[in-house]
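S.K.: Have a look at this one before I ask anything.
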Amino acid sequence: MNLKKLEKQTHQAIDYWIDEYMRYDFDKIIAKPSKDEWSMGQVGIHLWMSAKGFFFKNAERCLAQEGTEKGKGKKFAAHFIFTLKTLPPVRYEMPKQVAVVPKQPENKEQLIAKLEEIKKMASDYILRIEQSDPNLKIKHPFLGWLNTAEWITLCNIHFRHHMRQKKRIEQHFNWK
């Protein structure tokens, strides 16, 4: 695996969001298309929460050999996701036991700081991939068993997946 390329792609995915938040007024960042849909700010908080509390947490478990298994593999569909480096263009619902509606950010600066935090964490984890055993894996609820590098790659894919949601929000409000 080319770690420099993974780091560059991950930074690009995060920088995309930072740049987009920089160009919008805070009122637009927290505007919700409907009471049941998220604002762009909530999407950013979700990206931060999921990176820290799910993707990087499981990468850390792989590195610490905590709850890992050897000889396990990804599910069939996961091979396509990792090969194409994208999730299918559908809306997903989180399982109710882990579903969290993200809070609105307090301000634009807080949101950007959280994404900068994730960018640094991503670099730190990517540097540690070489120390990890690629055969030690943690189970993803839908994709099967993933190693450290795959958890980080999936975080990158997840950031890009939510670009579709951002575009839906922009189209709803007719923003350019």
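Nothing in this text is a laboratory measurement; each read-out follows from the coordinates by a stated rule. Source: prediction; values computed, not measured. FYI the Cβ positions are ideal-geometry reconstructions off the backbone, even for glycines, and counts take in every protein chain you see.
S.K.: Enumerate the calculated ³J(HN,Hα) couplings along region 13-28 in order (Karplus 6.51 cos²θ - 1.76 cosθ + 1.60, θ = phi - 60°), each rounded to whole Hz, writing x wherever the residue is Gly or Pro.
M.R.: Karplus-based 3J(HN,Hα) across region 13-28 equals 5, 6, 4, 3, 5, 4, 4, 5, 5, 5, 7, 9, 5, 4, 4, 6 Hz.
S.K.: While we're on this one: Once you have all Cα-Cα distances for region 22-176, histogram them in 10 Å bins from zero and send the whole-percent values.
M.R.: 10, 36, 34, 16, 3
S.K.: Check the straight Cα-Cα distances from LYS74 and name the lysines below 20 Å, setting aside those fewer than 8 residues away within the same chain.
M.R.: Excluding near neighbours in sequence, the set is LYS57, LYS85, LYS137, LYS139.
S.K.: Separate question: Would you calculate a helix-derived [θ] at 222 nm for the chain, using -39,500 (n - 2.57) for each DSSP H run of n ≥ 4 and dividing by the full residue count, to the nearest 500?
M.R.: On the way: 7 runs with 101 residues, N = 176.
One gets -18500 deg cm²/dmol as the mean residue ellipticity at 222 nm.
S.K.: Could you please report the charge total around ILE138, scoring K, R as +1 and D, E as -1 over all other residues with beta-carbon less than 13 angstrom from its beta-carbon?
M.R.: +2
S.K.: Now for a different question. Through the Karplus equation 6.51 cos²θ - 1.76 cosθ + 1.60, θ set to phi - 60°, convert the phi angles of region 122-139 into ³J(HN,Hα) values in whole Hz; use x for Gly and Pro.
M.R.: Coupling constants for region 122-139: 4, 4, 4, 5, 4, 4, 8, 4, 4, 7, 8, 7, x, 8, 8, 9, 10, 7 Hz.
S.K.: For HIS140, what residues show an amide H to amide H distance below 5 Å, using hydrogens built from the backbone and excluding near sequence neighbours?
M.R.: HN-HN under 5 Å from HIS140: TRP145, LEU146.
S.K.: Give the residue list of trypsin sites (Lys or Arg not before Pro) in region 2-40 that are DSSP loop and have at most 15 other beta-carbon atoms within 10 angstrom. Mind showing how you got there, number by number?
M.R.: Values: sites: LYS4, LYS5, LYS8, ARG23, LYS28, LYS35; in loops: LYS35.
Of the trypsin sites (Lys or Arg not before Pro), the ones in loops of region 2-40 whose Cβ has at most 15 other Cβ atoms within 10 Å are LYS35.
S.K.: In whole angstrom, and with the biggest value first, how far do the Cα coordinates of region 94-162 range along each principal axis?
M.R.: Principal-axis extents of region 94-162 (Cα, largest first): 41, 31, 18 Å.
S.K.: Longest exposed-loop-site-free stretch of the chain, with GluC sites (Glu not before Pro), DSSP loop and at most 14 other Cβ within 10 Å? List each step's numbers first, then the result.
M.R.: Working: sites that count: GLU37, GLU66, GLU93, GLU106.
With a cap of 14 other Cβ atoms within 10 Å, the longest stretch comes to 107-176.
S.K.: OK, next. LYS166 to ASP27: extension gain in nm, 0.36 nm per residue of separation minus the Cα-Cα distance? Can you show the working numbers first?
M.R.: Details: separation 139, 0.36 × 139 = 50.04 nm, distance 1.50 nm.
Using 0.36 nm per residue and subtracting the Cα-Cα distance, I get 48.5 nm.
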